[in-house]
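Supplied in structure tokens, the structure appears directly below.
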């Protein structure tokens, strides 16, 4: 795993999502106040932009069809369907948000 510098944490408003592109993939980043969570930006239902969804606790509600998705696990909680979006580890270093991505060798193994 390697860490990618994304942006200063000040660029992520509280309880809102922002889309960032990491190695060609759109990732939705959410500032929950005490932590940052990141998931794939596309809802598994119809690809709705999760970064534009409404944040409720540690969940985001897709702006297209109200799918409720856990920002911690990526699981779709409403409706109860067995799908999920990818989640990403995050950390903050010197006021800069970092997101972990898998290295090519790890994916192939």
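Starting from the Cα of residue 25, move 7 Å in the Cα-to-Cβ direction to define the label point; list residues of the stretch 61-103 whose amide nitrogen is under 14 Å from there.
Under 14 Å, as judged by backbone N against the label point of residue 25, lie 74, 84-90, 99-103 of the stretch 61-103.
Could you line up 103, 98 from fewest to most neighbouring Cβ atoms inside 10 Å?
With the sparsest Cβ surroundings first, the list reads 103, 98.
Considering the values [x] 59, 35, 22; [y] 43, 32, 21; [z] 36, 36, 20, which represents Cα extents along the principal axes in Å as calculated for the structure under consideration?
Of the listed options [x] 59, 35, 22; [y] 43, 32, 21; [z] 36, 36, 20, [z] comes from this structure.
Please work out the Cα center distance from the stretch 70-89 to the stretch 1-54, rounded to the nearest Å.
Cα centroid to Cα centroid, the span is 14 Å.
Now for a different question. Computed FRET efficiency, Cβ-Cβ of residue 45 and residue 92, R0 25 Å: what is it to the nearest 0.05?
Working from the Cβ atoms, E equals 0.20.
Label residue 64 and residue 102 with points 7 Å out from Cα along Cα→Cβ: what is the distance between them in nm?
It is 2.4 nm.
Listing 16, 93 from the residue with the fewest other Cβ atoms within 10 Å to the one with the most, what is the order?
Fewest to most other Cβ atoms nearby, the residues stand as 93, 16.
Estimate the FRET efficiency between residue 83 and residue 11 by the formula 1/(1 + (r/R0)^6), using the beta-carbon distance for r and 41 Å for R0, to the nearest 0.05.
On the way: r = 30 Å, r/R0 = 0.73.
It comes to 0.85.
Let me ask something else. Do the sum for the chain: with -39,500 (n - 2.57) for every DSSP H run of n ≥ 4, divided by all residues, what is the mean residue ellipticity at 222 nm, to the nearest 500 deg cm²/dmol?
Counting only the DSSP helices, I get -1000 deg cm²/dmol.
While we're looking at this one, here's another question. Need one number: nm distance between label points at residue 2 and residue 35, each 7 Å from Cα along Cα→Cβ, rounded to one decimal.
My value for the distance between the label points is 2.6 nm.
Of the DSSP beta bridges with both residues in the chain, give the percent that are antiparallel, rounding to the nearest 5.
If I count the DSSP bridges inside the chain, around 95 percent turn out antiparallel.
Read-outs throughout are calculated quantities, based only on the coordinates presented, and are distinct from any laboratory measurement. Treat the numbers as computed from the prediction; the structure is a model and nothing was measured. Cβ sites come from the backbone with ideal geometry, for glycine too, and all protein chains shown count toward neighbours.
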